[in-house]
Amino acid sequence: MPYFRVEPSIPVAAPDRPMPRHGFLRVAVCSPPVAVAHPARNAAAIAAQLAAVTDADVVVFPELCLTGYTCADLFRQRRLLDAAADALATLQAATRATHQLVFVGAPVPVGAALFNCAVAVQGGVIRGIVPKTAIPTSGEFYEARWFRGAGEGLPEEIDWAGARVPFGADLLFSHGEMVVFAEICEDLWLPIPPSSHAALAGANVLVNLSASNETVAKHEYRRDLVRSQSARCIAAYAYASAGPDESTTDLVFGGHCLVAENGQILVESPRVGATGDVSPEAGWSVRTDVDIERLGTERRGMASFGEAARAARRRFRGVPLAPLPEALPGLQRRIDGRPFVPRDPATLAARCAEVFGIQCAGLGRRLAHAGWPELFVGVSGGLDSTLALLVAAKTLARAGRPPSRIHGLALPGFGTTERTSTNARKLMAGLGVTATEIDIRPVCLETFRALGHHPFGIDPTGLDVPELEARLRRLPAGQRHDLVFENVQARERTLLLMSRGFVVGTGDLSELALGWCTYNGDQMSMYGVNASVPKSLVRFLVEYVAGTEHAGTPLEGVLRDIAATTISPELLPPAADGGIAQATEETLGPYELHDFFLWGFVRCGFGPEKLLFLSDHAEFSRAYPRDLRERTLRTFLRRFFAQQFKRSAMPDGPKVGSVSLSPRGDWRMPSDADAGAWLGDA
């Protein structure tokens, strides 16, 4: 069965062609084998690793990797410094034919001082030299014996191999939207790292050339530093550390390499202490694609970041770079097809516990303010109403109030099936709520007559419910579309609920995004506990409660059967076998895709071309043909714009994640916005 009608395509590159960048930048972080105090051999090892990552745009090597970090008093030897300069010239030649911006660590003499530096090379040219700011002199580190730190009074340029080269800790290397800043090892450990100032000045890719030795649990702290700095700076952070070939006189270096983006570790290398191969012959490297377009969106959306940038007083110098290629080969990054649902079972369980707890806390506070009224929940035997009822029951249990104060109303209509009806009864009985069942079909039939409406072209005059249903079942599948027929049922249910008292809403975030609800029907309630829970997470929440709150009871089986039921509003007559005939995902497209597009559109600010491109590479629960993904994206965009008026009038509800469509909180949008720019219309 086709999902829905085909519409014109969104113009994007086919997945088998060189991909447009879509804001991605490829970063490689390497830890090469080191011959301590032998720069020529080290340059050869670095060149070999560069040859293996030719598709990377930015490549980062460790601190003092040209000489080895552990040369100690050999740094006072002119022979070592000259050999390092010769090795750097070799690397310049190795990069002459590439676009890569390469950072290597080297000792650089300036006048009477020696500096521990990050040397930026691109296209065979040294673009700039960045001296280390923080020179450690505690514990196992005593760099001040050989090196001077960056500070005032240093020249802005130095002579190097017959050329004037920018010098200083205030250099931003940039081309287009890419702005790169380099710091070295201890700089990251400062209360306010230099990269914090650089980020406020516009740097979105921060690199760290490091020689961090391994001690017990130090890698955890290092990882937290990298991750948190990328989050604070809303940037990518690439960290390269010296490896186990460094001298082990007193220390062992782990070769820990990692890349984080806005608080998330994207990729991480092996390291000493976590792998049996502590001295790989060719060193090790990792690479990934960082999304600088998304970083820009995040920064623009965070007003406090902009305020901090305007108040920043430290000034930086821009260093222009050669252009990057227009395309990247493939994509070196995992794209999660279910961004709302963690893959790791333990993390998923913790997420469900947290979301469920927030829902209960929100409802509990509202009920306390209202004087703990009796609650009314429409119970259909579907996912959303089940989750809402579970939240209500848990909230009252925590407050020491009996579940009988919850009134569960089963309101079967023309599309209600035996499976959902039975599950609704079992659910209410298992939770101990006050259960009421009202057949809405007779009052809906009277409403059709009052409106002068002929459902599906059938004149209801003189018909009773069984006769109308008999004629409805004989309708061809192609005639099963009557919006008035569906909306009357939804509004009658809301009338019966809201005429009684405090109604707990059941609609979820995905339905709100698509407007898959009836205005002044199931769109309305006194408090919408599911308002920011996406459909792709609702099922896991129900299963979580089944396996924790009701494990080993008959109710666990009921909840798991509800979780396995086809998603449907059950407003159209059942199929000939009595099963659900109105599958929502056959009309709208898979909710997994809609939630993927919702995340990318609202949370990340992506346009349709990038959303579809990302769906080409995403890890979904199953394979979706590209034409289906494209049609679903068009449906999402069309409905998201057309249905904003429903979200503008949505009831209160708790925000549980980073995506919410509340007009009072995260999402403000005119109800008359035109989707043409997103759909590619003229």
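You will find that of Phe448, Phe485, the residue that is closer than 24 Å to Val377 by Cα and buried (at least 16 other Cβ atoms within 10 Å of the Cβ) is Phe485 and no other.
Taking into account only those residues within the range 469-483 that are part of a helix (DSSP H, G or I) and among the basic types (Lys, Arg), which is nearest to Pro412 (Cα to Cα)? Give the steps one after another, and end with the answer.
Step one: of the range 469-483, the residues part of a helix (DSSP H, G or I) are 469-473, 477-479, 483.
Narrowing further to those that are among the basic types (Lys, Arg): 471, 473.
Working: Arg471: 19, Arg473: 17 Å.
The extreme case among them is Arg473.
Selection of first residues in the range 484-501 that are in a helix (DSSP H, G or I) and of second residues that are charged (D, E, K, R), restricted to Cβ pairs under 6 Å at least 6 apart or on distinct chains, gives the following pairs, ordered by first then second residue: Ala490/Asp522.
Glu486 - would you say it is modelled with pLDDT of 95 or more and in contact with a Pro (Cβ under 8 Å, 6 or more places away or on another chain)? So Glu486 fails the test. Of the strands (runs of 3 or more DSSP E) lying entirely inside the range 227-339, those containing at least 1 residues that are in the same structural domain as Glu157 (by TED's automatic domain parsing), aromatic (Phe, Trp, Tyr) and surrounded by 13 or more Cβ atoms within 10 Å (Cβ to Cβ) are 236-241, 284-291. Which of the residues belonging to the range 659-682 are in contact with a helix residue (DSSP H, G or I) (Cβ under 6 Å, 6 or more places away or on another chain) and closer than 28 Å to Cys352 by Cα? Across the range 659-682, the qualifying residues are Val659, Leu661, Pro663.
When Asn530 is tested against (1) of a type outside the set (A, V, I, L, M, F, W, C); (2) outside any helix (DSSP H, G or I); (3) farther than 30 Å from Phe601 by Cα, only condition (3) is not met. The residues listed here are Cys30, Cys71, Cys65; of these, the one that is under 28 Å from Arg271 (Cα atoms) and in a helix (DSSP H, G or I) is Cys71. Which members of the range 204-222 meet the condition of being at pLDDT 80 or above and of a type in the set (Val, Ile, Thr)? The answer is Val205, Val207, Val216.
May I ask you to say which residue of Ala424, Ala388 is surrounded by 22 or more Cβ atoms within 10 Å (Cβ to Cβ), of a type in the set (Gly, Ala, Ser) and touching an Asp or Glu at 6+ places or on another chain (Cβ under 9 Å)?
Numbers: Ala388 fails: touching an Asp or Glu at 6+ places or on another chain (Cβ under 9 Å).
Every option except Ala424 fails the conditions.
Ala203: within 16 Å of Ala260 (Cα to Cα), assigned to a loop (DSSP other than H, G, I, E, B) and not β-branched (Val, Ile, Thr), yes or no?
Values: within 16 Å of Ala260 (Cα to Cα): yes; assigned to a loop (DSSP other than H, G, I, E, B): yes; not β-branched (Val, Ile, Thr): yes.
Against the criterion (within 16 Å of Ala260 (Cα to Cα), assigned to a loop (DSSP other than H, G, I, E, B) and not β-branched (Val, Ile, Thr)), Ala203 qualifies.
In the range 550-566, of all residues being touching a residue at least 24 places away in the same chain (Cβ under 8 Å) and surrounded by fewer than 23 Cβ atoms within 10 Å (Cβ to Cβ), the one that is nearest to the chain's Cα centre (by Cα) corresponds to Ala563. Within the range 279-337, can you find the residues that are in contact with a strand residue (DSSP E or B) (Cβ under 9 Å, 6 or more places away or on another chain) and among the aromatic types (Phe, Trp, Tyr)? Matches in the range 279-337: Trp284, Phe316. For the range 39-62, which positions are crowded, with 20+ Cβ neighbours inside 10 Å and more than 15 Å from Gly283 (Cα to Cα)? Listed by number, the residues that qualify are Pro39, Ala56, Asp57, Val58. There is at least one residue in the range 557-567 that is modelled with pLDDT of 95 or more and in contact with a Leu (Cβ under 6 Å, 6 or more places away or on another chain).
Would you be able to tell me the number of residues in the range 368-383 that are in contact with a helix residue (DSSP H, G or I) (Cβ under 9 Å, 6 or more places away or on another chain) and aliphatic (A, V, I, L, M)?
Of the range 368-383, the ones in contact with a helix residue (DSSP H, G or I) (Cβ under 9 Å, 6 or more places away or on another chain) are 372-383.
Cutting the leftovers down to aliphatic (A, V, I, L, M) gives us 375, 377, 379, 383.
Result for the range 368-383: 4.
Of all residues in the range 590-613, which are within 12 Å of the chain's Cα centre (by Cα) and in a helix (DSSP H, G or I)? Asp595, Phe596, Phe597, Leu598, Trp599, Gly600, Phe601, Val602, Arg603 - these are the residues of the range 590-613 that are within 12 Å of the chain's Cα centre (by Cα) and in a helix (DSSP H, G or I). Annotation: Gly547 fulfils all but one of (1) farther than 18 Å from Val391 by Cα; (2) surrounded by fewer than 17 Cβ atoms within 10 Å (Cβ to Cβ); (3) within 33 Å of the chain's Cα centre (by Cα); the unmet one is (1). For the range 405-422, the set of residues classified as touching a residue at least 60 places away in the same chain (Cβ under 8 Å) and among the charged types (D, E, K, R) consists of Glu418, Arg419, listed by residue number. Entry remark, the range 334-382: residues being farther than 30 Å from Val267 by Cβ and not basic (Lys, Arg) number 25 in total. Condition (residue is surrounded by fewer than 21 Cβ atoms within 10 Å (Cβ to Cβ) and among the hydroxyl-bearing types (Ser, Thr, Tyr)) applied to the range 76-93: is it met by at least one residue? Checked against the condition, which is being surrounded by fewer than 21 Cβ atoms within 10 Å (Cβ to Cβ) and among the hydroxyl-bearing types (Ser, Thr, Tyr), the range 76-93 yields at least one hit. Just wondering, is there one or more residues in the range 148-171 that are at pLDDT below 95, of a type in the set (D, E, K, R), over 29 Å from Asp57 (Cβ atoms) and in contact with an Asp or Glu (Cβ under 8 Å, 6 or more places away or on another chain)? Looking through the range 148-171, none of the residues is at pLDDT below 95, of a type in the set (D, E, K, R), over 29 Å from Asp57 (Cβ atoms) and in contact with an Asp or Glu (Cβ under 8 Å, 6 or more places away or on another chain).
Within the range 419-468, being part of a loop (DSSP other than H, G, I, E, B) and over 30 Å from Thr395 (Cβ atoms) holds for Gly452, His453, His454, Ile458, Asp459, Pro460, Thr461, Gly462, Leu463, Asp464. Of everything in the range 354-388 that is in contact with a Ser or Thr (Cβ under 7 Å, 6 or more places away or on another chain) and of a type in the set (S, T, N, Q), the residue that is nearest to Gly507 (Cα to Cα) is Ser385. Looking at the range 106-128, can you tell me whether even one residue there is at pLDDT below 95, buried (at least 18 other Cβ atoms within 10 Å of the Cβ) and either β-branched (Val, Ile, Thr) or over 33 Å from the mean Cα position of the chain (by Cα) (or both)? Checked the range 106-128: no residue is at pLDDT below 95, buried (at least 18 other Cβ atoms within 10 Å of the Cβ) and either β-branched (Val, Ile, Thr) or over 33 Å from the mean Cα position of the chain (by Cα) (or both). For the range 63-75, enumerate the residues that are surrounded by 19 or more Cβ atoms within 10 Å (Cβ to Cβ) and within 19 Å of Val252 (Cα to Cα). Within the range 63-75, Glu63, Leu64, Cys65, Leu66, Thr67, Gly68, Tyr69, Thr70, Cys71 qualify. The lone criterion from (1) touching a Pro at 6+ places or on another chain (Cβ under 8 Å); (2) over 27 Å from Val503 (Cβ atoms) left unmet by Ala575 is number (1). Listed by position, the helices (runs of 4 or more DSSP H) contained in the range 617-682 that have at least 2 residues being within 22 Å of Ser536 (Cα to Cα) are 626-642, 644-648.
The values are calculated or read from the model by the stated rules, or taken from the named source; none is laboratory data. Predicted, not measured: the structure shown is a model, and the values here were computed from it. Because the Cβ atoms are built from the backbone with ideal geometry, glycine has one as well, and the counts that use them run over all protein chains shown.
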